[in-house]
Each structure stands twice: as structure tokens, then as C-alpha cells.
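Q: Right, I'll just put the structure down here and ask away after.
The values are calculated or read from the model by the stated rules, or taken from the named source; none is laboratory data. Because the structure is predicted, anything quoted here is derived from the model rather than measured. Every residue, glycine as well, gets a Cβ built from its backbone with ideal geometry; the counts of neighbours run over all protein chains shown. Ligands, DNA and RNA are stripped out before the accessible areas are found, and what is left, the full protein with its side chains, is counted by its heavy atoms. Shrake-Rupley method; radii C 1.70, N 1.55, O 1.52, S 1.80 Å.
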Amino acid sequence: MAATGPESGPQLVLSDDEWRRRLSPQEFAVLRRAGTERPFTGEYTNTKAEGVYQCRACGAELFRSSEKFESHCGWPSFFDPADSDAVILRTDDSLGMRRVEVLCANCHSHLGHVFEGEGYPTPTDQRYCINSISLRLVPAEA
């Protein structure tokens, strides 16, 4: 699968040293090195709060709470990004399997993976399985 999303490069380009200064070691491991947090440990796994989920690295709007659903997979799940240009999808053949990696279109940070055809009752039949540590929830104003 070819990458989808904006064809231009990232809008925010920093060196590894600059990213390390901005991010905690755990954030750096996931966002910049495509790591994965342990299932059922992330702060947004079971969050029901209304708001916008931004990229923790750059602040770009990625997902909205209205597209979040309970998949019981251990990570926050969304059925669609806030905007089709908010993320880039890229083939990931690591771990001996073919998956589709989800990256922030603004800074190319690793967010998680997207899966299709799992039978969840969502409008898109997709599950964007996203690491909580890749996100920051900005609560809706009351």
C-alpha cells in the first residue's frame, strides 16, 4: 500500500535531539521510534470525555471523541480521523505481518495502526488503533 494523505513532507521537521527535548523518553519511543505502549495502560483507553485528540508531538488535530468507540482491544479506537488529510497511512511489514501504520501528517510521528473488516459496528468498518501516549485530549468547552 502506498502512503495516503498529503504528498508533501512533514510540516514540522526536527532533529532527534530536538524531539528528545520536547518529548518524554516514553513519548519519544512511541512517536519517533514506532514503539507501542502496553495494552490497557494508556490514559485514553477508556476515556469517554468529549473533545479533540491532538498529536502529542506537534498539536495537530487528529481525531474527535465523536469517532471514538469501544473496541476492547487495549488502546483507544477511532473509526475515522478528524480530517482525511490529518493522517498518513503507510504499509508496515514489521513483526512478520503486514499492517497499515498511521502517522501524523504534520510531523510524521507514529500514532498506531488501522485495521479493516473486523466487524465492528462503525460507519467505516475501520479501527484506528492509536497509542494513548501519541495523543493529547483537548476537552470540549462546556
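Q: Taking T36 and the conditions (1) over 12 Å from the mean Cα position of the chain (by Cα); (2) of a type outside the set (G, A, S); (3) open to solvent by 30 Å² or more (accessible area, probe 1.4 Å), which numbered condition does it fall short on, given that it satisfies the others?
A: (1)
Q: Are any residues in the stretch 96-117 outside any strand (DSSP E or B) and either β-branched (V, I, T) or more than 13 Å from the chain's Cα centre (by Cα) (or both), and if so, which ones?
A: Those that are outside any strand (DSSP E or B) and either β-branched (V, I, T) or more than 13 Å from the chain's Cα centre (by Cα) (or both): G96, M97, R98, G117.
Q: Tally time: how many residues in the stretch 77-91 are farther than 13 Å from V52 by Cα and either hydroxyl-bearing (S, T, Y) or open to solvent by less than 50 Å² (accessible area, probe 1.4 Å) (or both)?
A: 7
Q: If you don't mind, there's one more thing I want to ask. Can you tell me which residue in the stretch 125-142 is nearest to G51 (Cα to Cα), limited to those that are in a loop (DSSP other than H, G, I, E, B) and touching a Phe, Trp or Tyr at 6+ places or on another chain (Cβ under 9 Å)?
A: Per the stated criteria, the residue is N131.
Q: Follow-up question, since we're still on this one. Can you name the condition, by its number, that S71 falls short on among (1) in contact (Cβ under 8 Å) with a residue 40 or more places away in the chain; (2) small (G, A, S); (3) open to solvent by 20 Å² or more (accessible area, probe 1.4 Å); (4) closer than 23 Å to G117 by Cβ?
A: Every listed condition holds for S71 apart from (3).
Q: Now for a different question. Residue check, L95 against (1) more than 19 Å from S65 (Cα to Cα); (2) at pLDDT 95 or above; (3) of a type outside the set (F, W, Y), all met but one. Which one?
A: So L95 meets the others, but not (2).
Q: Return the only residue of Y44, Y120 being part of a loop (DSSP other than H, G, I, E, B), on the phi < 0 side of the Ramachandran plot, surrounded by 14 or more Cβ atoms within 10 Å (Cβ to Cβ) and in contact with a Pro (Cβ under 7 Å, 6 or more places away or on another chain).
A: The conditions single out Y44.
Q: To continue, here is another question. What residue, among those in the stretch 98-117 that are of a type in the set (G, A, S) and buried (at least 19 other Cβ atoms within 10 Å of the Cβ), is farthest from E61 (Cα to Cα)?
A: In this case the residue turns out to be G112.
Q: Taking interchain pairs and intrachain pairs at least six residues apart, which have beta carbon atoms under 7 angstrom, with the first residue in the stretch 120-142 and closer than 13 Å to S77 by Cβ and the second of a type in the set (D, E) and in a strand (DSSP E or B)?
A: From the stretch 120-142, the pairs are D125/E116; Q126/E116.
Q: A follow-up question, please. If you scan the stretch 23-33, which residues turn out to be of a type outside the set (D, E) and surrounded by 15 or more Cβ atoms within 10 Å (Cβ to Cβ)?
A: L23, F28, A29, V30, L31, R32
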